[in-house]
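Below are the structure tokens for one structure; questions will follow.
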Amino acid sequence: MANTIPSIQAFYKPEVRLPSHPIQAPTPSKPGDGFTEEELSDALDPLHRKWNPEREYEECGISQLMPGPRAVTFVGRVVNVKTLVGVDKKQPKAKGFHALVLRDDGAAVSIKLYFANTRYPLTLGQLLSIWTVFISDTSKSEVTKIPGVLVYANLFPGRVTSDHVMIHTNASSSDGICRTPLDYKRGQPLPGLMTLDSYLGSGHDGVTGAKILVCVKSIGGKKKISRKDGGGESELAEVMLFDHTGEVRLTVWNEMIESAKSWKPGETVLLISNPGYRVGFNGKGNLAIIGGTMVDVQPEGADAEWLRKYAAGLTKKESLCLTVSEEWDVEACEYGVNRMLFTLAELDNWVRSDGNQTFSGFLNVTILEMNLVSIHRRNMLMCAECCGVPIFSNNPRTPCRNCSKPLALTLNPRIIGLLADETGCIATGKLVWSPRAWERLFGRSVEEISRMTSEHIRLFEQRVLFMRLHLVVGWETRLGRLAVLGVMIYPVAFISLWIDTSTMKSRCWGYCGRQRLMLRWISAARRLVTDSSVRMVCSSIIEGIFSLRGKTPNNSRNIKTFRSSTSTKALRGG
């Protein structure tokens, strides 16, 4: 059978018929650079990215850093920070950079930290952990040269995967790390340390490596000023610093203000190395933080501990807005079994012999001065303290003028002037009054006191002036002050504590001096108490006064009339 030859159509595929309806065009893809959302987020916010290093980093101290390629990690505290915003030629993708100086217990390193979008929340005294693969010499650094800083690092976390930075926010776990000042040796004075008076006098003139140890006294409000070069506005705040020889004003600018907000007046100690100095408009020297300055927040050492104790003692003496501890059992102090009556001389001897013991008792004093009217007119009825600055107002709630924080004000302790008894006196503002004591003295709450009119204030001052009253007091070892826990104005406490009739007659005669005033005193007691025994004591006091004055028997008839009226009103509960 002969072989058949295929036709030419066998080498071609049949044509496919197109559908009658048109085919839709494919959906166009969104333009992009191929990065995922997670990668973009890591680049823009490197602090919250999941960083998985591809190599091993050697942990070392700053003093062990050597210039050259080397994967290292180290820890240090921020002692200087400055933020510059703008495009950098070496890193055009960065919005700016932070010029940092980190310090540990042995050395310091200068760091140029770039940021892509958001600035890093950096403040003085923060603890940072750094990972980098290259350390440079300071000769190649573009930032200000600082004495004692020999190495330099350039970081761009997010863009450079081998660089990373971590800010330690848990202060309790890292509080004791990198607190020792540079060149400090235990038992020896810190090199270059001078007092504030010495630095302001001559130490600022050409002295290299000068250090001053100061404590924060107050923090001023934020101000905005226009720059002379036309570069917009800058913010500044003034911080008052002091030591045992004097005080000085420190001016902080822009990002440094956030660091100053965390400082506590009377508690935060600063060690400032190579501070900037300039003469202000008032002719006094002011300090500034320049590129070569290093500020150690809460340093350790014998000098720093001494300054903290000095500042704490100074705060106890000068502060007006001290609060009474809530641990006192006021009911037990007033109505307990063991109640002691002190004189001011006995309290003075007791506290001077051992001021670390806690005790409570009574004081019987007379108000010799009252400043209620004058303080109310000066709009200083209430007081509080914030940012190290006292704040006064007649309203119980007032915001701070520096940080705008709402404050709850308490009564000004300088309302009560001189208090005295037979053995001594207490100066104005030396007592710490509790809110309960103020309410017992005024007979109304703090809110109602703030709403009193000028006429009511004047009448109350006239009524309370030269009044004899009992103070329930307790010694506050934490403050080193005498706290007023309660007030007893009525004479029942006076009678119940001094039952000796003969002593009472002589004391009451010495206090009042006139029969009419004594009768008013006893009448007040009769109206306030219903106990018949107390009323009988009042009657015996009047008998003693009449006997001391040598009155005629006609006055005895008046005493009998007083007794009968007292007993009749006692039965009626009047």
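Residue check: is Ile111 surrounded by 12 or more Cβ atoms within 10 Å (Cβ to Cβ), at pLDDT 85 or above and within 30 Å of Glu300 (Cβ to Cβ)?
yes
Going through the range 372-397 one residue at a time, which ones are part of a loop (DSSP other than H, G, I, E, B) and buried (at least 18 other Cβ atoms within 10 Å of the Cβ)?
Once the filter is applied, which keeps residues that are part of a loop (DSSP other than H, G, I, E, B) and buried (at least 18 other Cβ atoms within 10 Å of the Cβ), the range 372-397 yields Met380, Leu381, Cys387, Gly388, Asn394, Pro396.
In the range 90-160, which strands (runs of 3 or more DSSP E) lie fully inside it and hold 1 or more residues that are within 31 Å of the chain's Cα centre (by Cα)?
96-103, 108-115, 127-137
Let me ask another. So Ala493 passes all but one of these: (1) over 14 Å from Leu363 (Cα atoms); (2) modelled with pLDDT under 85. Which condition number does it fail?
Just one mismatch for Ala493, condition (1).
Still on this model: Return only the number of the condition from (1) assigned by TED's automatic domain parsing to the domain that holds His204; (2) surrounded by 14 or more Cβ atoms within 10 Å (Cβ to Cβ); (3) of a type outside the set (Ser, Thr, Tyr) that Val324 does not satisfy.
The single condition Val324 does not satisfy is (1).
Given the criteria farther than 29 Å from Lys405 by Cβ and surrounded by 20 or more Cβ atoms within 10 Å (Cβ to Cβ), does Ser273 qualify?
Judged against the criteria, Ser273 is a match.
If Ile225 passes every condition in (1) crowded, with 21+ Cβ neighbours inside 10 Å; (2) in the same structural domain as Lys309 (by TED's automatic domain parsing) but one, which one does it miss?
Ile225 satisfies all of (1) crowded, with 21+ Cβ neighbours inside 10 Å; (2) in the same structural domain as Lys309 (by TED's automatic domain parsing) except (1).
Going through the range 419-457 one residue at a time, which ones are within 20 Å of Leu347 (Cα to Cα), out of contact with any helix residue (DSSP H, G or I) (no Cβ under 6 Å at 6 or more places or on another chain) and assigned to a loop (DSSP other than H, G, I, E, B)?
Hits for the range 419-457 are Glu422, Ala427, Lys430, Ser434.
Within the range 458-486, which residues are within 33 Å of the chain's Cα centre (by Cα) and either buried (at least 19 other Cβ atoms within 10 Å of the Cβ) or in a strand (DSSP E or B) (or both)?
If the condition is that a residue be within 33 Å of the chain's Cα centre (by Cα) and either buried (at least 19 other Cβ atoms within 10 Å of the Cβ) or in a strand (DSSP E or B) (or both), then Leu471, Val472, Val473, Gly474, Trp475, Glu476, Arg481, Leu482, Ala483, Val484, Leu485, Gly486 are the ones that fit.
Which of the residues belonging to the range 298-347 are modelled with pLDDT of 75 or more and basic (Lys, Arg)?
Arg308, Lys309, Arg339
Within the range 253-319, which strands (runs of 3 or more DSSP E) (wholly inside it) include 1 or more residues that are in contact with a Pro (Cβ under 8 Å, 6 or more places away or on another chain) and free of Cβ contacts under 8 Å to residues at least 40 places away in the same chain?
285-288
Another one. Just checking, which of Leu155, Leu213, Leu241, Leu200 is outside the structural domain of Val295 (by TED's automatic domain parsing) and crowded, with 16+ Cβ neighbours inside 10 Å?
Among Leu155, Leu213, Leu241, Leu200, only Leu155 is outside the structural domain of Val295 (by TED's automatic domain parsing) and crowded, with 16+ Cβ neighbours inside 10 Å.
Answer with yes or no whether Ser360 is out of contact with any Ser or Thr (no Cβ under 6 Å at 6 or more places or on another chain) and free of Cβ contacts under 8 Å to residues at least 12 places away in the same chain.
The answer is no for Ser360.
How many residues does the range 394-429 contain that are farther than 23 Å from Ser218 by Cβ and among the β-branched types (Val, Ile, Thr)?
4
Please find, among Pro299, Pro275, the residue that is in contact with a His (Cβ under 9 Å, 6 or more places away or on another chain) and either of a type outside the set (Ser, Thr, Tyr) or closer than 25 Å to Leu102 by Cα (or both).
It is Pro275.
Restricting the range 76-108 to residues that are within 15 Å of Gly61 (Cβ to Cβ) and among the aliphatic types (A, V, I, L, M), which is surrounded by the fewest Cβ atoms within 10 Å (Cβ to Cβ)?
For the range 76-108, the residue satisfying everything is Ala107.
Still on this structure, I have one more. May I ask you to list the residues in the range 124-149 that are crowded, with 18+ Cβ neighbours inside 10 Å and either assigned by TED's automatic domain parsing to the domain that holds Ala260 or at pLDDT 80 or above (or both)?
Residues satisfying the conditions are Leu124, Gly125, Gln126, Leu127, Leu128, Ile130, Trp131, Thr132, Ile135, Val149.
Here's the yes/no breakdown for (1) under 22 Å from Leu127 (Cα atoms); (2) more than 20 Å from the chain's Cα centre (by Cα):
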{"site": "Leu250", "(1), (2)": "no, no"}
{"site": "Met256", "(1), (2)": "yes, no"}
{"site": "Ala288", "(1), (2)": "no, yes"}
{"site": "Gln298", "(1), (2)": "yes, no"}
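Moving on to the next point. Take the residues in the range 354-382 that are among the small types (Gly, Ala, Ser) and within 15 Å of Arg481 (Cα to Cα), then tell me which one is nearest to the chain's Cα centre (by Cα).
Among those that are among the small types (Gly, Ala, Ser) and within 15 Å of Arg481 (Cα to Cα), it is Gly355.
The values are calculated or read from the model by the stated rules, or taken from the named source; none is laboratory data. Keep in mind that this is a model prediction, so the values were computed, not measured. Positions of Cβ are backbone-derived with ideal geometry, glycine not excepted, and every protein chain shown enters the neighbour counts.
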